[in-house]
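Heads up: the structure comes next, in structure tokens.
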Number of protein chains: 2
Amino acid sequence: MMTSEPYSAKLSKTGMLLPYNTRTERRLADLREYFSDKRAVEDALSKGENPLIYVVYEISRKTEGELNVGCTIIYPGKVGDEYYFTKGHFHVKEATSEVYIGMSGEGLILMQDKEGRVFIEEIKPEMIVYIPPGLAHRSVNTGRTELVFLAIYPSDSGHDYETIRKRGFAKLIVERDGRPAVIDNPNYGRD
Amino acid sequence: MMTSEPYSAKLSKTGMLLPYNTRTERRLADLREYFSDKRAVEDALSKGENPLIYVVYEISRKTEGELNVGCTIIYPGKVGDEYYFTKGHFHVKEATSEVYIGMSGEGLILMQDKEGRVFIEEIKPEMIVYIPPGLAHRSVNTGRTELVFLAIYPSDSGHDYETIRKRGFAKLIVERDGRPAVIDNPNYGRD
């Protein structure tokens, strides 16, 4: 029973994964409901600014028991004082986990369980971060260069973005005195 | 339902994964039934030589839906004209796959399905190799330095070493005129 072929792929430090089969691009307008400082978002968009926040290159598979490989590039920048980040999501299939491998740049992985308990791990080159089953995860670029990391996760994980879009994470990662700081999200859970 | 905590780990190019929870060491004597040139194996062992062939550092998990992370270091060398390799195994749970990420050195990943069909992919830094469900896999160091790569696979995959120990792979990877060559295994399937 062979339903799927092996492959090799080239991974560059700039985040290109070749050959990929999916490329996802997220700009500020795609993330307007996710950043905390709504005024900063609308100010930028009203001026015609719609910067690229992140890009994901993926090699996705479909058969049961397969693993997807994705490479995410988060650009450096802030909206208000909040660092650029990925939307963040729970997996639809709860009994699935994910492994991140830092390639370049530096950032934080913000994780949260269904009860709102938060975990934070650092991501950078030569660092691995493990996201166990049941935790929503968002990646945050706290550096001055692109944050690039590899992600491996089951092909049937599914993405639940809605829970985070509506409720947010309990913590925000913002710049304070030129450095990253973790603060409470004043709007957390306001559906 | 939180049964498992997230973690971060440090991954060095030399193959150390810190903190690991399992370290597996394989010496020539552990692989005496796997190398093709039995005389070369027994000659070395009878002289008291029992070189280290490979070491695996792993972070293993136990909960359903989790992923293990392993880092394998295969030393450079040959037994007869066959390059040092890992035992190779099928997963016990067939619907599981695996992703390899090259860290340093160079080698080949030898894969084989239950019908004996062989696939070979190159592994080296900035290269990813994907092993789909149902394929046995062995890693071969064809270079002059340590081959180091990261592996990510489901925690409940299980390892079936017996099928390969008894039947071998259909192909051998040997040195010919100073370069790697793939040849038929004359003893393949002789249980």
Original post:
Looking only at segment B:80-112, which residues are open to solvent by 10 Å² or more (accessible area, probe 1.4 Å) and in a loop (DSSP other than H, G, I, E, B)?
Top reply: B:Gly80, B:Asp81, B:Tyr84, B:Thr86, B:Lys87, B:Val92, B:Lys93, B:Glu94, B:Ala95, B:Gly105, B:Glu106
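For segment A:81-105: of the residues being at the interface with chain B (Cβ under 8 Å from one of its Cβ atoms) and touching a residue at least 60 places away in the same chain (Cβ under 8 Å), which is farthest from B:Leu67 (Cα to Cα)? It would help to see each step written out before you state the result.
Taking segment A:81-105 as the starting set, the residues that turn out to be at the interface with chain B (Cβ under 8 Å from one of its Cβ atoms) are A:93-99, A:101.
So of that shortlist, the ones also touching a residue at least 60 places away in the same chain (Cβ under 8 Å) come out as A:93, A:96.
Working: A:Lys93: 14, A:Thr96: 8 Å.
Result: A:Lys93.
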Original post:
If we scan segment A:117-129, do we find a residue that is part of a strand (DSSP E or B), touching a helix residue (DSSP H, G or I) at 6+ places or on another chain (Cβ under 8 Å) and modelled with pLDDT of 95 or more?
Top reply: no
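Looking at A:Glu175, is it surrounded by fewer than 22 Cβ atoms within 10 Å (Cβ to Cβ) and within 15 Å of the chain's Cα centre (by Cα)?
no
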**OP:** State whether the residues of segment B:46-62 include one that is open to solvent by 40 Å² or more (accessible area, probe 1.4 Å), touching a residue at least 40 places away in the same chain (Cβ under 8 Å) and either under 19 Å from B:Ser155 (Cα atoms) or not β-branched (Val, Ile, Thr) (or both).
**Re:** yes
Original post:
So, of the residues in segment B:115-134 that are more than 7 Å from chain A (Cβ to nearest Cβ) and in contact with a strand residue (DSSP E or B) (Cβ under 8 Å, 6 or more places away or on another chain), which turns out to be farthest from A:Pro19 (Cα to Cα)?
Top reply: B:Val118
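Give me the residue from segment B:63-79 that is over 20 Å from B:Pro125 (Cβ atoms) and among the β-branched types (Val, Ile, Thr) and, out of that set, least open to solvent (accessible area, probe 1.4 Å).
From segment B:63-79, those over 20 Å from B:Pro125 (Cβ atoms) are B:63-68, B:77-79; that's our starting set.
Next cut, among the β-branched types (Val, Ile, Thr) only: B:63, B:79.
Working: B:Thr63: 45, B:Val79: 10 Å².
Selected residue: B:Val79.
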Original post:
For A:Leu108, all conditions in the list (1) more than 11 Å from every other protein chain (Cβ to nearest Cβ); (2) in contact (Cβ under 8 Å) with a residue 40 or more places away in the chain; (3) under 25 Å from A:Tyr188 (Cα atoms) hold save one; what is the number of the exception?
Top reply: (1)
Original post:
Can you tell me which residue in segment A:4-45 is nearest to the other protein chains (Cβ to nearest Cβ), limited to those that are part of a helix (DSSP H, G or I) and open to solvent by 90 Å² or more (accessible area, probe 1.4 Å)?
Top reply: A:Lys38
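The values are calculated or read from the model by the stated rules, or taken from the named source; none is laboratory data. Treat the numbers as computed from the prediction; the structure is a model and nothing was measured. All Cβ positions, even for glycine, are placed from backbone atoms using ideal geometry, and neighbour counts span all protein chains on display. All accessible areas refer to the heavy atoms of the entire protein, side chains included, with ligands and DNA or RNA removed. Shrake-Rupley method; radii C 1.70, N 1.55, O 1.52, S 1.80 Å.
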